[in-house]
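Just so you know, all these numbers are worked out from the coordinates, no wet-lab data involved. The structure displayed is predicted, hence computed values, not measured ones.
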Amino acid sequence: MLTPLARQAFAAFSALVTLLPALAAAPASRVISLNLCTDQLVLALADRSAIVSVTYLARDCTISAQCRAAASEPINYGTAEELVAAEPDLVLGGRYTTRPAIGIARRLGMKVLEFDPPSSLDMVRRQIRDVAEALGRPERSETMIAALDGRLAALPQAAPEGERPVATVYQANGMTVGANSLIDAALQAAGFDNLARRLGLENYMYLPLETLIAGRPDPPDPQYAASDLPLAGRERPEPSGDCRRHRPRSAHHRPAIAVDLRLARDRRRYRAAGASAGAPRDGTAINGKARDGLLLASLALLAATLFVASALIGRVPLAVSAAVTDLWHGRTSPAALILFQLRFPRALLGLLVGMTLGLSGAVMQGLLRNPLAEPGVLGVSAMAAFGAVVAFYTGLSLRFSLALPFGGIVGAFLAVAPLGSLAGTRGSIFVMLLAGAAINSLAGALTALALNLSPNPYAA
């Protein structure tokens, strides 16, 4: 016999077990997509009332298959501010989606699903099921997959291996798509042999134009002209006639060199007149100091104004007084999070970066005795950019959020070390400039090499 307490516990457990399927199938009530690929799945599978927003790219009909459906939906730009203000219960993104927004979503305890770029049709089916399951609409995924399989089954029977027409996808900067990619799977399903696969290339790789011509892909069907493709580049209209004839020439126009010569001549006359007039009065120096002080005060006021404006202006309208009140009372509202954890750190970082750039520019101008000098003259900026590119190329920026700035700092230090060894502690300015030019050339070559070897088709 069960005691009354045991019977109540057993009844509650039975009710919970009964409700589990319904709870598992409960649809997400607020869904936000931060990736173009997940946009397509959300627009095809989710209830319209559950979509908080999709990316602005979803409305571009040249790259989005669901552009018409996205036209009536709110859009986002993948920023952390928009994510915090939306308060979604499900965030969908790609593996390479903006990392700050994904990091904020995880810190706030939101459910986040990240998807790798699909490399096969089976992976497409799996991702459709995963998204539909997260949305609580698994039946819609089966309908979508059935439609996909029906279209694949309706394709003509492919020719035997070796007798198929040869095709390839050739993109900007000589990038192509080989094996282990969705484009390769689509070409095979359509009855083509992928030239990049024949050449042993995998995923996104560089294909020299000579190799493409030697591979002799079959000519395309004339009905698919390049101008009809949605991603084809549009030709720029040729200018009618010589552009110079449309450039008005005023009666006061003079060559720049003549203007420079007149300015130099007037400057010499002014100096000569000042020397003949004797030393300036003390009031002139006082006025100069007052003018410099006024200039510094104006610039400081402008910097403070821009700092406040940067903290108050963003993608999301914000009630500043409510955010300050929530922070004062210890409440972690979206407004307080956006203002004090996103905007103020961003504004402070911009202020510090500007101060550092101004200080380094002043030091370089004083050292090289040139008002146009900046750290890029000595190769420091180029090596810092190379360090950041290496962080991207190796994937460290995805695994470690501070890898990108650390890569830039390490690259800058690597520029200073050879600069010191080449120019020496007592080297002349001329030697230092030559050493900086050499470091600049080396950093540019290494950066170009890393970008060309990168598997990302948009890197080069």
- Query: With the contact rule set at Cα under 8 Å and sequence spacing of 6 or more, what percent relative contact order holds for region 34-122?
  - Reply: 27
- Quick one: Debye curve from the alpha-carbon atoms of region 97-215 only, equal weights, vacuum; give me log10 I(q)/I(0) at q = 0.11, 0.12, 0.20, 0.21 Å⁻¹ to two decimals. -0.54, -0.62, -1.09, -1.13
- Task: Calculate the length of the line joining the C-alpha centroid of region 308-383 to that of region 138-205, in whole Å.
- Result: 47
- Note on the structure: Cα-only Rg/Rh for region 29-131 with Kirkwood Rh rounds to 0.94
- Relative contact order, percent, of region 312-458 when contacts are C-alpha pairs under 8 Å separated by at least 6 residues? 20
- Which of rounded, prolate, oblate describes region 324-460, given a ≥ b ≥ c as roots of the alpha-carbon gyration tensor eigenvalues and a/c under 1.5 marking rounded, otherwise prolate only if a/b is larger than b/c? oblate
